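Please read the structure below before turning to the comments.
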Amino acid sequence: MNCMSKKLTIIIPVYNESSNIFRVVSEISKVTIPYPYEILFINDGSTDDTELVLKEIACTKKHVFFISFVRNYGHQMALKAGMDAATGDGVISMDGDLQHPPSLIPLLIRKWEEGFDIVITKRQDHKNIPFMKKAMSALFYKVINALSSAHISYGEADFRFLDKKVVAVFKKIHEPDLFWRGMVRWVGFKSTEVSYQAEERFKGESKYTFKKMVSLALNGILSFSTKPLYFSIYVGFGCAFTSILVFIYVLISFFSNRVVPGWTSTLIIMSFFSGVQLVLIGIIGLYIGKLFVQVKDRPLYIINESTYGNAD
C-alpha cells in the first residue's frame, strides 16, 4: 500500500471550545502531513456556540467533520465515539485547546512508519503551570501506578497515534467507564513514547476540574485492578487482629482488678471500626455499581447530529 492510498483521521473532542476550533484547524494545516487526512471533532454536549462554529467550518473545509452528542458524556467517551467512527489507517487523538502541539504530528507519523502501532506522548509541563496542579498531577500518576495493573508514565496524555488494527480492538470495547491511558497499555501492541513541551491553552479554561481528575483516577484503578478488594481483606484481618488485642487487654484488666476504661474508649473503638467498615463496603459497592451499569447495556453515547458518514 503506497502513501497516497493511506488516510489519517485526527480526532478532537471539544467541550465549550468555540474560540479554539478555527485556530486548531489552522495550526494543523500548517503542519506537513504526508498522507491525506480528515479532522473529526466530537462535540461533547457543549453549552456555548461550539456546534454553530463546527457547522460553519465543516461547510467551508471539506476535510473537517463533526459528531455532536445530545449531552455531555465526558472526554473519554468522546474519544470512544471518535474511534468508533474513524476510518483512517492511522488515528491521532488530541485536545482542542492547542496544549497538544500539532507540530508534533509528523514525529508521531514517523514512529508509526517505523513499525510502532501505538505512539504515546508524555507531557513536559511548561514553567507557568501552578505548583499545586503539578503536585496533583504527580499524585494522580503515583496512585494509578500503585493501585492498578496498568503502568502509566508521568505526564502521559491523550495525545497519541494509533494504528487502525489497535482502533479495531477499541471499537469492540463497550465499557461505560473508560480510561484510555490504561487501555492503550493493556492491549499490548508494539508501542513507543515521545516527549513534548506543553503549550499554554490558547483560549478558555481547562475543563479538567479536581473532581474530574479524581473520577478519572477512580476509573483507572477500578477498571484495571482488583487491588482495592485485596486491600479490603487485609484491612479486615488487621481490624480483627486489633479487636483480639483489645479483648485480651480487657480480660487482663478484669482479672487484675484494674478499672476498665469506660465510654470514651468504647466509643473511640466503635467509631474507628464503623468507619473502616463503611470504607470497605464503599470499595465493594463501587465494583458492584460498575457491574450494575455494565449489565444494563445501554448505549455508551447518543449522537444528536453528524456530518461524518460512518458515525452511527
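Just wondering, is there one or more residues in region 155-177 that are modelled with pLDDT under 80 and farther than 22 Å from residue 80 by Cα? The answer is no; no qualifying residue exists.
Conditions (1) farther than 25 Å from residue 197 by Cα; (2) at pLDDT 90 or above; (3) assigned to a loop (DSSP other than H, G, I, E, B), marked per residue:
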site: 68; (1), (2), (3): yes, yes, no
site: 88; (1), (2), (3): yes, yes, yes
site: 105; (1), (2), (3): no, yes, no
site: 109; (1), (2), (3): no, yes, no
site: 134; (1), (2), (3): no, no, no
site: 144; (1), (2), (3): no, no, no
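Checked against (1) in a loop (DSSP other than H, G, I, E, B); (2) loosely packed, with under 15 Cβ neighbours inside 10 Å; (3) of a type in the set (Gly, Ala, Ser), residue 26 meets all criteria but (1). Quick check on my filter: what residues within region 90-115 are surrounded by fewer than 20 Cβ atoms within 10 Å (Cβ to Cβ) and in contact with a strand residue (DSSP E or B) (Cβ under 7 Å, 6 or more places away or on another chain)? Within region 90-115, 101, 107, 111 qualify.
Conditions (1) touching an Asp or Glu at 6+ places or on another chain (Cβ under 7 Å); (2) in contact (Cβ under 8 Å) with a residue 60 or more places away in the chain, marked per residue:
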{"position": "39", "(1), (2)": "no, no"}
{"position": "51", "(1), (2)": "no, yes"}
{"position": "66", "(1), (2)": "no, yes"}
{"position": "83", "(1), (2)": "no, yes"}
{"position": "91", "(1), (2)": "no, yes"}
{"position": "102", "(1), (2)": "yes, yes"}
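Considering every residue within region 289-311, establish whether at least one is at pLDDT 70 or above, over 30 Å from residue 178 (Cβ atoms) and either of a type outside the set (A, V, I, L, M, F, W, C) or part of a helix (DSSP H, G or I) (or both). Within region 289-311, none of the residues are at pLDDT 70 or above, over 30 Å from residue 178 (Cβ atoms) and either of a type outside the set (A, V, I, L, M, F, W, C) or part of a helix (DSSP H, G or I) (or both).
The values are calculated or read from the model by the stated rules, or taken from the named source; none is laboratory data. Not measured: the values here are computed from a predicted model. Glycine also receives a Cβ, built like all others from the backbone with ideal geometry; neighbour counts cover every protein chain displayed.
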